[in-house]
Amino acid sequence: PADVVRAFAQAGVKVGSTRRWELESVDHPAVKPLIEYKKLYRIWVAHGWSWLQDWVRDGRFRPEFLAGGTVTGRWVTNGGGGLQIPKVIRRAVVADPGWRLVVADADQMEPRVLAAISRDPGLMEVAGRETDLYQSVSDRAFSGDRAHAKLAVLGAVYGQTSGDGLKNLATLRRRFPRAVAYVDDAARAGEEGRLVRTWLGRTCPPAAGA
């Protein structure tokens, strides 16, 4: 990244980093291929040859799935990133002859749940549409960039504070204040050692005597 920043400086373009949100504000022909390269590089690092050697055997991807593996009850995988396979990699998954893959997806579940429990009017209105929720959020807050909106919403729900997390959170807070405040309150309670309880009754940390 430092070399890229220097290269931009030599071209008369001042950037402080190679983060996507900063590059997108730059009018230079190198920006688009650089952003695409960064995207593909992340895929290669996470799901490249080493991933293939470690987690794919005999034509099967073999992560260890753990149901209820977190205190909130979410599924997790032990290795291989089985719940976060990029779309470009998913295309390599095919059914054996005579079999068919059935794909089910809880459509944009996290922001819809957040809208319901926070009662944020703006997010409830977006979640109630018969349209793509992330696209609607992007139209309101991220200049139509759906991928950016999705990362921002999921980052807010799951507590991302690194990278562009704080900047995205500030944008969401302006558009959906009650939703972000709900997440902030839960995070603050946890940081202060207080009991955080989900709507299904799970607590973090476990309640005394549990």
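The values are calculated or read from the model by the stated rules, or taken from the named source; none is laboratory data. All values derive from a computational prediction rather than experimental measurement. Cβ coordinates were reconstructed from backbone atoms using ideal geometry, including for glycine residues, and neighbour counts include every protein chain displayed.
Computed quantities for the displayed model
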read-out	value
Some residue of region 67-80 being more than 30 Å from R188 (Cα to Cα) and either modelled with pLDDT of 80 or more or over 15 Å from the mean Cα position of the chain (by Cα) (or both)	yes
Qualifying residue in region 126-134 (condition: within 25 Å of A46 (Cα to Cα), loosely packed, with under 11 Cβ neighbours inside 10 Å and out of contact with any Ser or Thr (no Cβ under 9 Å at 6 or more places or on another chain))	no
Identity of the residue in region 133-184, among the polar types (S, T, N, Q) and more than 22 Å from G16 (Cβ to Cβ), that ends up farthest from the chain's Cα centre (by Cα)	S136
One residue from V113, V45 being of a type in the set (V, I, T), closer than 25 Å to V183 by Cβ and out of contact with any helix residue (DSSP H, G or I) (no Cβ under 6 Å at 6 or more places or on another chain)	V113
Boolean, G69 is small (G, A, S) and loosely packed, with under 14 Cβ neighbours inside 10 Å	no
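Matching residues to (1) among the hydrophobic types (A, V, I, L, M, F, W, C); (2) touching a residue at least 40 places away in the same chain (Cβ under 8 Å):
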site	(1), (2)
Q108	no, no
I117	yes, yes
G128	no, no
D132	no, no
S143	no, no
H148	no, yes
L151	yes, no
